[in-house]
Structures are given as C-alpha cells and as structure tokens.
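Here, each number is a calculation from the coordinates, and none is a lab measurement. Just so you know, these numbers come straight off a predicted model, no measurement behind them. Cβ coordinates were reconstructed from backbone atoms using ideal geometry, including for glycine residues, and neighbour counts include every protein chain displayed.
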Amino acid sequence: MSYLDTKLPLEALLQNLPDEKRASLVWLLDYMKAQRISPHWYATNSMNVKFKNTIVFRFCIRPEGDWDINLTVAREDDLDSTLRSLSQEMQDFYFKHLRPCRQCNPTHGKGRQITILGQEYYICAAPEIQMRNPSIDDVRYLQQFVDVRMNNIKSFK
C-alpha cells in the first residue's frame with residue numbers, strides 16, 4: 001500500500017474526532033479560512049498551514065480520535081523579542097505548551113538546550129507550541145499566536 005492511499009481529505013479525517021474535539025479544530029480552521037489560508041496534506045493524517053510559503057502550524061488527526069497541533073511562533077533568532085512583545089498571559093501559555101524533548105525521534109538526537117528570555121529549556125528540534133486536543137479556550141490563544149506568526153513571517157519575507 002502506498003502512502004498516497006492514506007491521503008484522506010480533511011473532511012474524512014474530521015469524522016475521526018468526537019464532537020468536542022472536532023469543534024475546537026473546526027473553530028481554528030474557520031479562523032484560518034477567514035485569513036485566506038488553508039491546510040494542505042503533508043503526511044498520513046497530517047496537514048500543515050502555510051503563509052507566504054512558510055509553515056505557521058501543522059496538525060495531525062489521530063485515528064483514535066485525538067488531534068495534535070505544533071505551532072511555531074517566531075524564528076529562533078527572533079523568539080525573545082517576539083515573546084517580549086506579548087502579554088504575560090500569552091507568554092505563560094507559550095511556556096506551558098513549549099514542546100520538550102521526549103527523545104521520540106532518533107534523527108533529532110537527544111534534543112537540545114535553548115535559552116529563551118534568560119531561562120534554559122530542553123526542547124525537541126525547534127521551539128514551538130505543542131498541544132493535544134486543545135479546548136476552544138486554548139484555540140483562542142492559538143489564534144492570537146497564529147496572528148503573531150503571520151506578522152513575524154511578513155517581517156522577514
């Protein structure tokens with residue numbers, strides 16, 4: 001079986017999610033549609049959302065009925081200044097959901113340490129938000145981070 005055999009349309013993938021989980025993802029996707037950007041398939045059950053050909057976030061809809069999101073807020077060399085421009089509440093949300101290294105992928109090695117706003121963090125690959133099954137309230141924060149990311153992309157494109 002080819003990997004292309006698993007290339008289901010988004011509408012079919014959404015049916016794997018229970019109503020509450022689907023509602024939060026649809027809320028985010030509707031917001032993206034209003035921004036005139038849409039998800040594109042990139043791997044089995046996974047989509048990415050790009051702005052000016054740069055990934056804003058990616059998400060995966062798992063067959064067991066969960067969905068994950070990984071959202072990059074800023075380029076690593078611009079992360080401190082971007083985070084400083086946000087409210088303390090937004091910064092707290094970011095650090096609460098900063099993706100740690102769980103040694104899940106041997107090609108990433110053993111993760112790495114990074115300094116963000118003067119604090120050391122042990123992360124996987126790139127500094128980004130990672131969540132499983134965010135609530136509608138979480139999605140409201142994520143929408144704000146999407147805006148921050150898009151503005152960040154505009155500044156370097």
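Data for the structure
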| read-out | value |
| --- | --- |
| Amide H contacts of Tyr42 (H built 1.01 Å from N, under 5 Å, at least 5 apart or other chain) | Met47, Asn48 |
| Rounded, prolate or oblate (a/c below 1.5 giving rounded, otherwise prolate when a/b exceeds b/c) for segment 22-64 by Cα gyration tensor | oblate |
| Ellipsoid semi-axes in whole angstrom, largest first, where each is sqrt(5λ) of the Cα gyration tensor of segment 59-157 | 21, 19, 13 |
| Charge tally in the Cβ shell below 15 Å around Ala125, where Lys, Arg are +1 and Asp, Glu are -1, Ala125 excluded | +3 |
| Long-range amide H partners of Asn133 with built H, under 5 Å | Trp67, Asp68, Ile69 |
| Computed over segment 1-123, Cα set: Rg, Dmax in Å | 16.4, 49 |
| Ellipticity estimate at 222 nm from DSSP helix runs (n ≥ 4, -39,500 (n - 2.57)) divided over the chain, nearest 500 | -11000 deg cm²/dmol |
